[in-house]
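Student: Please read through the structure below; I'll follow up with questions.
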Amino acid sequence: MGDGMQLPEYDGLDAVEMARLVADKELSPQELLDAAIERIDARNPALNAVVHKLYDRARARVDKLPDGPLKGVPFLFKDLKLMLAGVPTSNSTRLFAGRVASQSSVLAERYEAAGVQVLGKTNTPGFGIMGITEPELHGPCRSPWNPQHTPGGSSGGAASAVAARMVPAAHGGDGGGSIRIPASACGLFGIKPTRGRVTMAPFMGEGWGGFVQEHVLCRSVRDSAAFLDAVDAPTPGEPYGVPHKARPWSQEVGQDPGKLRVAFTTETLYAGQTHPDCVRAVEDAAALLASLGHEVEIACPPFPRQEMIRAYFLTVCSGVAWFVEQTAKAAGVPVRAKDFEPATWMMSLIGRQTSAAELVDAQMTMQRTSRQVAAFFERYDVFVSSTMAQPPARVGELAISKAERLQMAALRRMPIKRLLDLALDKMGEGKLAYTPNTQLFNQTGQPAMSVPLSWSGQGLPIGVQFAARFGDEATLFRLGSQLEQAQPWADRIPKGVR
């Protein structure tokens, strides 16, 4: 692992250990920077995870890093929404390619204040709307476990880079599973925090009606806790209130979670069927939990499936329509189909045809369901399912087909409301078959994590999802670290990295 490269121990270090070594002067930020750059240059060409390099910027800062809790840790930003002054954020769309941010996001400033070294931007699907990472602008990203397979999405580039040991952790965002899905596909730990936990200031208050939360993909539970501690303070004017943490998240790691009441299901939540490898992953996790002393039984939160699927897509499509219009406006061009990928344009058409009353009705559906699900979590502390319903797909397998492209082209010429409604319903049936289990917790706002507890018969990672009640990341960090100790995953490394 890391043979023939500078600092061979780099591949086995998590972010917390790197920061400790820097603080104790056993390693320098320069050594970590050089080791990370060497690995990105060596490993990225086969994976296409890093799409914009910031080496010169990182080198210019290496001797001026603030004495934060993560000083010297190599890090990557997702090339979507997160702004860093003087650096492009393309959102994987041609209109924003090369467009430089004039101001940083508060989150970006907090990461850098913690002392990380930002080395580049990672690949993401156009506007982050897919559970795969195959944008037309940058080309497909691949999994280091098997480059024929997807690393998931939309934080696929971040997951691929971390799994390949280019960096110990990378920024991601999750509006429908986009941290948890690639964490599952790449054998990583990833948690979507509670709605409102991580600020989107100053540019936005929320994304996709409150679905989107930003955090990191990483290999250790303590890294996830440390990064959240570094950035989770609210800013003035936040649209959502969120329960305050009782103490730093890092102090929850390693603490006894107590005897938890755990519900689990091997069924899918929103669409399709669960693959036998994913069923086995959940059953094995349930057995592990029982062996650790938790009360485990089969149960699932009640929710109106079809209404929630429709509410999810109506909300996302409305957000995409707004994003398309804002992108065109910023680029100084009219809103044109040719400037966007077919799936993006289709979703924007649906969003533009959605009435205010329909959007409010979707909001009411989600609010009623959130109360039902919250009541379920009065009886149970944790709900367990597979993160994905299928093992990671092959690159290109979930791409838009030629027939779908023709249908979309027809709709571009004739955006009739009834046809768009049909497209919306078809989207819910087909596009969720691989990833039907994550969206519910974006809609309810609850924290949920994917834990790398299993691998498929073909050696691909299979994540297990754990959701907790609103504001209760503490239980997830405690349970996650208990699982990490009971069934460690850090030493499982993709063959291409060894």
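The values are calculated or read from the model by the stated rules, or taken from the named source; none is laboratory data. Nothing here was measured: the structure is a model prediction, and the numbers come from that model. Don't worry about glycine lacking a Cβ; one is built from the backbone with ideal geometry, like all the others, and counts go over all protein chains shown. These accessible areas exclude ligands, DNA and RNA; they are computed on the full protein's heavy atoms, side chains included. Shrake-Rupley method; radii C 1.70, N 1.55, O 1.52, S 1.80 Å.
Student: For residue 235 paired with residue 322, estimate the spin-label separation in nm (one decimal), with each label point 7 Å from Cα along the Cα-to-Cβ line.
Tutor: 1.6 nm
Student: Determine the share of region 291-355's accessible area contributed by carbon and sulfur atoms, expressed in whole percent, with a 1.4 angstrom probe.
Tutor: Looking at region 291-355 in its full context, I get 52 percent from C and S.
Student: Volume per residue, Å³, of the convex hull around the alpha-carbon atoms of region 133-246?
Tutor: Per-residue hull volume (Cα only) is 108 Å³.
Student: Nothing charged except the Cβ atoms of Lys and Arg (+1) and of Asp and Glu (-1): what's the magnitude of the dipole of the chain about its Cα centre? Round to the nearest 20 debye.
Tutor: 1360 debye
Student: Looking at region 293-347, I'd like the Rg to Rh ratio, where Rg is from alpha-carbon atoms and Rh is Kirkwood's inverse mean 1/r.
Tutor: Here the Rg-to-Rh quotient is 1.33.
Student: Long-range amide H contacts for residue 149: which residues qualify at under 5 Å (H placed 1.01 Å from N, peptide plane, sequence gap of 5 or more or a different chain)?
Tutor: 143, 395
Student: Another question, then. Provide the percentage of antiparallel DSSP beta bridges, counting only those with both residues in the chain; round to the nearest 5.
Tutor: Here the antiparallel bridges make up roughly 70 percent for the chain.
Student: Using only C-alpha positions, report the orientation-averaged shadow area of the convex hull of the chain, nm², one decimal.
Tutor: Averaged projected area of the chain's Cα convex hull equals 21.1 nm².
Student: Under a point-charge model restricted to the Cβ atoms of Lys and Arg (+1) and Asp and Glu (-1), what is the dipole moment magnitude of region 134-273 relative to its Cα centre, in debye to the nearest 20?
Tutor: Rounded to the nearest 20 debye, it is 400 debye.
Student: OK, next. When the helices in the chain are scored as -39500 (n - 2.57) per DSSP H run of 4 or longer and the sum is shared across all residues, what 222 nm value do you end up with, to the nearest 500 deg cm²/dmol?
Tutor: -12500 deg cm²/dmol
Student: Additional query: Find which of 159, 248, 477 sits farthest along the positive direction of the dipole of the chain, computed with +1 on the beta-carbon of Lys and Arg, -1 on that of Asp and Glu, about the Cα centre.
Tutor: 159
Student: Still on this structure, please answer the following. What is the gain in length, in nm to one decimal, between residue 358 and residue 102 on full extension, counting 0.36 nm per residue of separation less the C-alpha to C-alpha distance?
Tutor: 88.6 nm
Student: Taking the inverse of the average 1/r across all pairs of different Cα atoms in region 216-318, what Kirkwood radius in Å do you get?
Tutor: Kirkwood radius, region 216-318: 17.6 Å.
Student: Share of antiparallel DSSP beta bridges in region 28-152, in percent to the nearest 5?
Tutor: 55 percent
Student: Another question, then. Can you check what the net charge comes to around residue 27, using other residues whose Cβ is under 13 Å from the Cβ of residue 27 (Lys, Arg +1; Asp, Glu -1)?
Tutor: Once positives and negatives cancel, what remains is -3.
Student: So what are region 52-149's ellipsoid semi-axes, whole angstrom, largest first, if each one is the square root of 5 times an eigenvalue of the alpha-carbon gyration tensor?
Tutor: 25, 17, 11
Student: Also, quick follow-up: Let's see if you can work this out: charge +1 on each Lys and Arg Cβ, -1 on each Asp and Glu Cβ, no other charges. What is the dipole magnitude of region 284-359 about its Cα centre, in debye to the nearest 20?
Tutor: For this selection, approximately 540 debye.
Student: Between residue 375 and residue 433, what length comes free when the chain is fully extended (0.36 nm per residue of separation minus the Cα-Cα distance, one decimal in nm)?
Tutor: 18.2 nm
Student: Separate question: Alpha carbon centre of region 76-129 versus region 379-406: separation in Å?
Tutor: Distance between centres, Cα-based: 26 Å.
Student: Based on the mean of other beta carbon atoms within 10 Å per residue, what is the order of 101-114, 446-459, most packed first?
Tutor: Descending packing order for the listed peptides: 446-459, 101-114.
Student: Where only protein heavy atoms count, and the probe is 1.4 Å, what is the accessible area per residue for the chain in Å²?
Tutor: 37 Å²
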